[in-house]
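First up is the structure itself, then whatever we jot down about it.
The values are calculated or read from the model by the stated rules, or taken from the named source; none is laboratory data. Only a predicted model underlies this, so the values are computations on that prediction, with no experimental measurement involved. Note that each Cβ is placed from the backbone with ideal geometry, even for glycine, and that neighbours are counted across all protein chains shown.
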Amino acid sequence: MSAFLGPIHYWLYNKIKIQHDIVENIISLIEETTPQLKIREKLSIKFGDTEIKPLEEVIDVDNIHGWLQNKISIEESRLAYSVTSLLNESSGALEDLKNLFKNEGFKVSELSENDSIDEIYKNINDTLLDGMPCDRASVIVSQDEKEILWKRNLCVHEDYWNSVGGDIENYYLLRDELIKGMLKKANATYEKLDEVTSIIRRR
């Protein structure tokens, strides 16, 4: 079966797995702080079994694109639902979520102080789940050895948040914390210049 799969499919599935792990940690936080939400049970009912197994064991090779898109949709929905459920129960939990995302960013980061701007951006792009590659959710505007500037072309996340009555601003706030956590291992800083424009600078 692996003969049908290419590097891009494993690359995308790894991004799905990273977000799956983040959601699992959100679930653990909710079970610890607000167990009355019964979040795992609700997620299971709404989105089914989301166990992560080796890609070649589970993917539909007759519909690779559709299968991966469905997995993305499930993980995006689980993230939006779990975060929104927690914040609806306790608005003060936002700080806990920000810390969780920053810690997750640090854990998944493969960066070091010697990495170039290109390597830093690549690691971020290898981590963030921004739809399918063909969506081209982000585009680099400019770059040199000291900084890289990119813009969001389109938001591939908002529909998932709207569908659960959530606020897409919470997604981008937590996403920023994830990036900041990743950059703790790099000699670089991250800044949001406006709603759709971000920049990373080497120190």
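Odds and ends about this structure:
- Hits in the range 165-199 - residues which are farther than 26 Å from residue 25 by Cα and within 17 Å of the chain's Cα centre (by Cα): 196, 198
- Scanning the range 84-143 for residues that are touching a Gly at 6+ places or on another chain (Cβ under 6 Å) and closer than 28 Å to residue 65 by Cα returns 105, 137.
- Output for the range 120-130, where each listed residue is in contact (Cβ under 8 Å) with a residue 12 or more places away in the chain and not hydrophobic (A, V, I, L, M, F, W, C): 121, 123, 125, 126, 127, 130
- Among residues of the range 131-155, those that are in contact (Cβ under 8 Å) with a residue 24 or more places away in the chain, under 18 Å from residue 72 (Cα atoms) and crowded, with 17+ Cβ neighbours inside 10 Å, counted: 1
- Of all residues in the range 78-99, one or more are closer than 27 Å to residue 123 by Cβ, among the polar types (S, T, N, Q), surrounded by fewer than 15 Cβ atoms within 10 Å (Cβ to Cβ) and modelled with pLDDT of 95 or more.
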